[in-house]
Amino acid sequence: MGNICNFLCPKSVSRCLSTSELDATIHDSDVRLLCANEAVPVPVENSDEHVTAVVHKELVSKHQEKSNNSTHDQLKSISYSLQGPKVIKEYVKFPFLTDNEIGNWIIKSRFMFILRGPPGSGKSFLSECIRIRFPMAKIFSADDFWYLESNGCEYQFDISRLSEAHEWCHNNVYNAVCSGYSPIVIDNTNTRSWEARYYTEMARRFHYFVIMVIPQTPWRFDAETLAMRNVHFVSLETIEAKVRNFEHIYPCYYGWFWPAPPSETYSKLDISDNSLDIVSRPAKRRKSSIHSNPCMEVNRLLKWGWDVLNTIIELPGVHYELINAFGLPQDATVQDVISHWESATIPDFGTDLKTCNTPSIPHITAKFSKYGRATGAEHYALRRSVNENLLGKLFTVQITGLVITSRTIGARVKLPNDEVIRHLWAAEDQEVVFPDNIGIMPVNRPTGCRAHVTMALATGVSPAETGLDLLRVVDMELNNRPGDHVAIIKNGSVRRLIIPKVHCSTSPERRLVQVPNNSNYHPRNNNNFYVNGISSVPPSDYETIYVYDLDFPQHYRVTFAASY
């Protein structure tokens, strides 16, 4: 680690600041403090939000002290050293180091950094930058195992104990995720997907966002330079093999995520119900603050969805239809009806609901990758915009309503803008959801219309069904069949759509409402499913979807990430 820090912060190059540099923004100041050879005075608003010059000076001094005996290595790398700190700053200019809002998320939510790269590429220096930016960070490396017997004085590598070293690192990481620390940094090579698998599984199990980081140093895949730079004298042949075998790690899916459960530092916050009163004022957009607790956002979303669901089911007509459809007694309560679904979120959606088999942090799926096996997964993973945004980018999305079917309960989402849709959105908006013979004309749906957040599922239903249910609503709307008005409730209105009953492999064989021939909601009178006076499907083979439309959308801050 000493050598790489010496190359990134060379002792021999003097630090000269131009006027434009002195007038740089606070975000640039964060990076300047990480990369400058001397402490640079910058205004500090909050000691928890900014890296101090004093801490940085200690780090640089430590690395310069270690590198005094590395004159030969310095001479070999003079071509990089002469570029100076101005270029060096670019090597660590990552959003998670420079953006204060995502820094707030990293501290208060749960994040795991998995560093990737051959020996000598700059991983350990980057981990030190993260430690300076986030003093509470827990950094783990299998290399530390080789210092144990000498009490940290000497690196004693023994290839016969390599598996023992990684098991030791695994155990340390396990203890950290059990405690909920954030951020956690994995400083190993992780060149192959199987090498990082233990850490991604721990992240999924304990609800951590994973940010995979490859150093931006220009020599990161130059085997000869890496062989000269790495501090543990790894052979050229070994490094060439690691560079040659370096592979992309594909997630299960990409998307925009609400915050994970609070980190250990903030897990004991007393969040009262009064703090969620903002739900009652959706017309007024909340001001985002880098000092706020992002974990409140997910609570606000779930409380809103739960309140709307209860209000809709309390409507006399809706309540009566649902207890008949679900075979419940006439005196069944609202909670009895809601128990038809299971919570699909972390934290739980509502109260006293069972949890489905695949709960997840609330999110909007942008691309289902299936660990690289889905169609287009490789092309999507190589997009520059995708890789840049995976390093810590926040967006504002709008919730426009709630869709309730027998299979799913999901929030309807409007994505930020056309640029986001063009570069990051890759979900299948044109998937066929209705048979050809039911009188609903196929339409070209708008890009991004499938965006949603799954909140609850019926037993045995896949989360993917929420998007299909939303596409059914979109098709009806585009065919000028928006449904019938049911009621005006707080901050919005409810409508009812009657569609042909859906048969799918992921859904239970039940329908929400069987429409009797004498019903006021017969499709002949409402959704006009009859073609030339002849029904294309049996009259009883229909189901109802309830749609809640907000008068004004609600805004939420979310981060673009991947679920590994």
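Residues in the stretch 437-453: is at least one among the hydrophobic types (A, V, I, L, M, F, W, C), touching a Phe, Trp or Tyr at 6+ places or on another chain (Cβ under 6 Å), on the phi < 0 side of the Ramachandran plot and surrounded by 21 or more Cβ atoms within 10 Å (Cβ to Cβ)? Yes, the stretch 437-453 has at least one match. Scanning the stretch 385-400 for residues that are crowded, with 17+ Cβ neighbours inside 10 Å and in a helix (DSSP H, G or I), we see that the one that is nearest to the chain's Cα centre (by Cα) is N389.
Residues in the stretch 243-264 that are modelled with pLDDT of 95 or more and either in contact with a strand residue (DSSP E or B) (Cβ under 7 Å, 6 or more places away or on another chain) or not in a loop (DSSP other than H, G, I, E, B) (or both): V243, R244, I249, P251, C252, Y253, Y254, G255, W256, F257, W258. All of A344, A325 fail the test of being among the aliphatic types (A, V, I, L, M), within 28 Å of L390 (Cα to Cα), touching a Leu at 6+ places or on another chain (Cβ under 6 Å) and touching a residue at least 40 places away in the same chain (Cβ under 8 Å), apart from A344. Give G317, G327 a once-over and let me know the one that is of a type outside the set (S, T, N, Q) and at positive phi. Of G317, G327, the one residue that is of a type outside the set (S, T, N, Q) and at positive phi is G327. Can you spot a residue in the stretch 412-421 that is more than 27 Å from Y380 (Cα to Cα) and either hydrophobic (A, V, I, L, M, F, W, C) or not assigned by TED's automatic domain parsing to the domain that holds Q554 (or both)? No, the stretch 412-421 contains no residue that is more than 27 Å from Y380 (Cα to Cα) and either hydrophobic (A, V, I, L, M, F, W, C) or not assigned by TED's automatic domain parsing to the domain that holds Q554 (or both).
From the list V486, V474, the one residue that fits, being more than 23 Å from T311 (Cα to Cα), touching a residue at least 24 places away in the same chain (Cβ under 8 Å) and assigned by TED's automatic domain parsing to the domain that holds I364, is V474. Filtering the stretch 328-340 to residues that are touching a Leu at 6+ places or on another chain (Cβ under 7 Å) and loosely packed, with under 13 Cβ neighbours inside 10 Å leaves nothing.
One line per residue, one yes/no per condition, for (1) exposed (fewer than 14 other Cβ atoms within 10 Å of the Cβ); (2) assigned to a loop (DSSP other than H, G, I, E, B); (3) at positive phi:
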residue: M136; (1), (2), (3): no, yes, no
residue: S160; (1), (2), (3): yes, no, no
residue: N171; (1), (2), (3): yes, no, no
residue: A176; (1), (2), (3): no, no, no
residue: T200; (1), (2), (3): no, no, no
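Name every residue in the stretch 459-496 that is among the small types (G, A, S) and surrounded by fewer than 21 Cβ atoms within 10 Å (Cβ to Cβ), in order of residue number. If the condition is that a residue be among the small types (G, A, S) and surrounded by fewer than 21 Cβ atoms within 10 Å (Cβ to Cβ), then G460, S462, A464, A487, G492, S493 are the ones that fit. Considering only the stretch 346-384, how many residues are within 24 Å of P416 (Cβ to Cβ) and in a strand (DSSP E or B)? Number satisfying all stated conditions: 7.
Would you check if there is a residue in the stretch 402-420 being surrounded by fewer than 16 Cβ atoms within 10 Å (Cβ to Cβ) and part of a helix (DSSP H, G or I)? Yes - at least one qualifying residue is present in the stretch 402-420. Taking the stretch 333-360, which residues are closer than 17 Å to V308 by Cα and hydroxyl-bearing (S, T, Y)? Passing the criteria: T333, S339, S343, T345, T351.
The values are calculated or read from the model by the stated rules, or taken from the named source; none is laboratory data. All of these numbers come straight from a predicted model, not from anything done at the bench. Neighbour counts run over all protein chains shown; Cβ positions are idealised from the backbone, glycine included.
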